[in-house]
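Accompanying notes for the structure given below.
The values are calculated or read from the model by the stated rules, or taken from the named source; none is laboratory data. No experiment lies behind these values; they were computed from the predicted model shown. A quick note on method: Cβ atoms are made from the backbone with ideal geometry, for glycine too, and the neighbour counts reach across all protein chains shown.
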There are 2 protein chains.
Amino acid sequence: MRATVIHGPNDIRIEEVPDPVVQQPTDAVVRVVNACICGSDLWAYRGVAAREAGQRIGHEFLGIVEAVGSEVNGVKPGDFVVAPFVWSDGVCDYCREGLQTSCPHGGFWGSVGSDGGQGEAVRVPFADGTLVQLPKEAATDQALLPSLLALSDVMATGHHAAVAAKVRPGATVAVVGDGAVGLCGVLAAQRLGAERIIALGRHEVRTAIARRFGATDVVAERGEAAIEAVRELTGGHGAHAVLEAVGTEESMRTAISIARDGGAVGYVGVPHGGSAGVDIGQMFGRNVALGGGVAPARAYIPELLVDVLNGRIEPGLVFDRTVDLDGVPDGYRAMDDRSALKVRIAF
Amino acid sequence: MRATVIHGPNDIRIEEVPDPVVQQPTDAVVRVVNACICGSDLWAYRGVAAREAGQRIGHEFLGIVEAVGSEVNGVKPGDFVVAPFVWSDGVCDYCREGLQTSCPHGGFWGSVGSDGGQGEAVRVPFADGTLVQLPKEAATDQALLPSLLALSDVMATGHHAAVAAKVRPGATVAVVGDGAVGLCGVLAAQRLGAERIIALGRHEVRTAIARRFGATDVVAERGEAAIEAVRELTGGHGAHAVLEAVGTEESMRTAISIARDGGAVGYVGVPHGGSAGVDIGQMFGRNVALGGGVAPARAYIPELLVDVLNGRIEPGLVFDRTVDLDGVPDGYRAMDDRSALKVRIAF
């Protein structure tokens, strides 16, 4: 089969690789229908996150089950399924508690020796614990596919940020970051009943989506000016809940600074600034809490799926470009230069 | 009257100062019955926290109301009251939400221009918002006084750490710090239903109190060895809830490292190591949350008072020495060289 392979910074290639097969009795093989490129893939693309030359890449996909091992009971060939961005065994304490990202048997698509999501097919370890069934008729529903695909990571991650920031009905929420995750954070906050949602972002295409997702205010400033603007919008107090969806030192500093005393920052941006942006002195005096991390998408997909299917949320709007497999290198370039927000790959 | 005054590092004096009087219609004057010395007073004593020469000190006291302003309705002369370590107006949004430490009219005893708790009397701003009534007969109950006094800070602060760390019935809890706050954190965790409480500490007098307060295990190691020991005690997983009651870089690092994936660190140690101990990369991958800060003691005193009065908790056991006002400088020395755990001042 053909799959996306990373050979080094800015070097993404489509290559012939071995067809995946069931290796363990708990495996499934999924023929990919849609995959996509994540903002976090760009850390590898830019050489910030190290990868071995020839490693697979991509961790978001949905598709049709092609084969299953002898111990797989939850899915069967022909089923339409979505995968969260981490696989997990489904039976350990962490999986039962809904923190599948800490499963001792879990792993990330595209790690050394495993398939990546941006390929024609994927071997899925622990298929029963990992995959979530989707309605079979949705596999050809071009209007629905993008939103179902968004469940694999960005919508689940935005939701995780909202949960970690303790978004409650009536809350004032601020979202730092206008990437796909930040926008899904806006949507998640709206879904959880936030009364006011302040989106921080300066790209008009993106802030337009933020408004469609429920943002009531947009702040285009950055740094100190952004902090001032949010404080002004909130009577000097800041937001009850702040979603941090960038992962830099400045974004973390901004997030903590715009939280209301007693509020919480939910962070899902992969930290690339160390702890320098975490202003513990400010957090202490104002009782600002910090939570979040890698999102247990597997725990959230079932409840979010309900609202995708009933039309209450449409996270697929974050996709603004679709390519075929050969178009993936172009898709990386487009996301890297921010001419595309998020690129979908249709097989 | 006579009160404790700090003139510089290691320079604590008892001096004649002006008698406090009602200045604002919302003021009360309280004649102090008991006060105490806090571990956080030692930061000033050691010169780590700056103070102006001649500033008052002490922020924990209980006593008898001597006079009230014309707008005070909640307390009257003769009432027995305890003060939290921060005063607050009682009517703003933050006070109503139970975050009195963020009251815009609030302040700390002993700040410039205000009385400190370690004196014969104290002018109390916003008496209705600040003071909590105690049973009048308790004012002469020598067995009860220490536990009532502990409500002003250490017991409320230990409780705040437990709440911020999300201690729940059945939880495994670890407490970093064997000072009075850490010990009260053990007691708070026990009160909230923790099943297992691991106290980190090496002073046998203190760990004996920890055990009396409900600690099921004691870890005497520090640093990496302490992390190893807690992991071994918890099947490799760490504690659901970790209370950080020291405030150094190492203690924060230890606290985060011994939290279970998906768990929370509740920190109340005044941060003196900056953010360096906050390992955001570890927090992200394991979904460890961080909450806490300066404790809104005023919010907690009523519920904790119930359990002091019914005998369910006896936080006063953290006091291991009692001095009169003239003995206060000796009390500081004893706490500084750790020959005393916490010193009570009886007037």
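Before moving on, here are some points about what is shown:
- Filter pass, B:Leu192 being in contact with a Lys or Arg (Cβ under 8 Å, 6 or more places away or on another chain) and surrounded by fewer than 24 Cβ atoms within 10 Å (Cβ to Cβ): yes
- For B:Arg231: the one exception among (1) closer than 27 Å to A:Gly285 by Cβ; (2) among the charged types (D, E, K, R); (3) more than 19 Å from the chain's Cα centre (by Cα): (1)
Okay, residues lined up against (1) more than 24 Å from B:Phe126 (Cβ to Cβ); (2) surrounded by fewer than 22 Cβ atoms within 10 Å (Cβ to Cβ):
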{"site": "B:Glu16", "(1), (2)": "yes, yes"}
{"site": "B:Val30", "(1), (2)": "no, no"}
{"site": "B:Tyr45", "(1), (2)": "yes, no"}
{"site": "B:Glu66", "(1), (2)": "no, yes"}
{"site": "B:Pro84", "(1), (2)": "no, no"}
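- Reported count of residues in segment A:48-64, each being exposed (fewer than 13 other Cβ atoms within 10 Å of the Cβ) and either within 18 Å of A:Val86 (Cα to Cα) or touching a residue at least 24 places away in the same chain (Cβ under 8 Å) (or both), is 3.
- For B:Arg211: the one exception among (1) surrounded by fewer than 24 Cβ atoms within 10 Å (Cβ to Cβ); (2) under 22 Å from B:Leu290 (Cβ atoms): (2)
- Whichever residue in segment A:246-279 is touching a Phe, Trp or Tyr at 6+ places or on another chain (Cβ under 8 Å) and at pLDDT 95 or above and, among such residues, is surrounded by the most Cβ atoms within 10 Å (Cβ to Cβ): A:Tyr267
- Per-region count, segment B:211-227, residues closer than 13 Å to B:Ala174 by Cβ and not small (Gly, Ala, Ser): 6
- Taking the listed residues A:Val30, A:Val48, the one that is touching a helix residue (DSSP H, G or I) at 6+ places or on another chain (Cβ under 9 Å) and modelled with pLDDT of 95 or more is A:Val30, with no other qualifying.
- Residue count, segment B:111-138 (criterion: over 19 Å from B:Gly293 (Cβ atoms), of a type outside the set (A, V, I, L, M, F, W, C) and not in a helix (DSSP H, G or I)): 12
- A:Ile313 vs. criteria more than 14 Å from chain B (Cβ to nearest Cβ) and either of a type in the set (A, V, I, L, M) or surrounded by fewer than 21 Cβ atoms within 10 Å (Cβ to Cβ) (or both): yes
- For segment A:83-131, the set of residues classified as within 14 Å of chain B (Cβ to nearest Cβ), of a type in the set (A, V, I, L, M) and out of contact with any Asp or Glu (no Cβ under 8 Å at 6 or more places or on another chain) consists of A:Val86 only.
- Of all residues in segment B:63-78, those being under 12 Å from B:Pro135 (Cα atoms) and touching a helix residue (DSSP H, G or I) at 6+ places or on another chain (Cβ under 7 Å) number 1.
- Test for A:Glu71: is it in contact with a Pro (Cβ under 7 Å, 6 or more places away or on another chain) and modelled with pLDDT of 95 or more: yes
- Qualifying residue in segment A:94-112 (condition: in contact (Cβ under 8 Å) with a residue 12 or more places away in the chain and among the basic types (Lys, Arg)): no
- Taken over segment B:66-77, the residue count meeting the criterion of being touching a residue at least 24 places away in the same chain (Cβ under 8 Å) and over 26 Å from the mean Cα position of the chain (by Cα) is 7.
- Looking at A:Glu97, A:Glu137, just one residue is closer than 27 Å to B:Asp261 by Cα and in the same structural domain as A:Val82 (by TED's automatic domain parsing), and that residue is A:Glu97.
- Residues that are of a type outside the set (A, V, I, L, M, F, W, C) and at the interface with another protein chain (Cβ under 7 Å from one of its Cβ atoms), drawn from segment B:260-278: B:Asp261, B:Gly262, B:Pro271, B:Gly274, B:Ser275
- Annotation note: of A:Gly316, A:Gly331, A:Gly327, A:Gly311, the sole residue that is more than 23 Å from A:Ala156 (Cβ to Cβ) and modelled with pLDDT of 95 or more is A:Gly327.
- Any hit, segment A:302-312, residues being in contact with a His (Cβ under 7 Å, 6 or more places away or on another chain) and among the aliphatic types (A, V, I, L, M): yes
- Helices (runs of 4 or more DSSP H) completely within segment A:178-247 that count 2 or more residues being more than 18 Å from A:Ala156 (Cα to Cα): A:204-212, A:223-233
- Here B:Gly170 meets the list (1) among the small types (Gly, Ala, Ser); (2) without any contact (Cβ under 8 Å) to a residue 40 or more places away in the chain; (3) in a helix (DSSP H, G or I) almost entirely, failing just condition (3).
- Top-ranked residue of segment B:279-293 - restricted to ones that are in contact (Cβ under 8 Å) with a residue 60 or more places away in the chain and farther than 18 Å from A:Ala276 by Cα, ranked as nearest to the other protein chains (Cβ to nearest Cβ): B:Gly293
- Qualifying positions in segment B:86-98 - surrounded by fewer than 17 Cβ atoms within 10 Å (Cβ to Cβ), out of contact with any Gly (no Cβ under 8 Å at 6 or more places or on another chain) and assigned to a loop (DSSP other than H, G, I, E, B): B:Gly98
- Test result for A:Val265, touching a strand residue (DSSP E or B) at 6+ places or on another chain (Cβ under 8 Å) and in contact (Cβ under 8 Å) with a residue 12 or more places away in the chain: yes
- Within segment B:94-146, the residues that satisfy the criterion of being of a type in the set (Ser, Thr, Tyr) and closer than 20 Å to B:Ser40 by Cβ are B:Thr101, B:Ser102, B:Ser111, B:Ser114, B:Thr130.
- Within segment B:311-329, residues that are farther than 10 Å from B:Ala346 by Cα reach partners that are outside any helix (DSSP H, G or I) and of a type in the set (D, E, K, R) with beta carbons closer than 8 Å, at six or more positions or on different chains, in the pairs B:Val318/B:Lys342; B:Phe319/B:Lys342; B:Phe319/B:Arg344; B:Asp320/B:Lys342; B:Arg321/B:Lys342; B:Arg321/B:Arg344; B:Pro329/B:Arg13.
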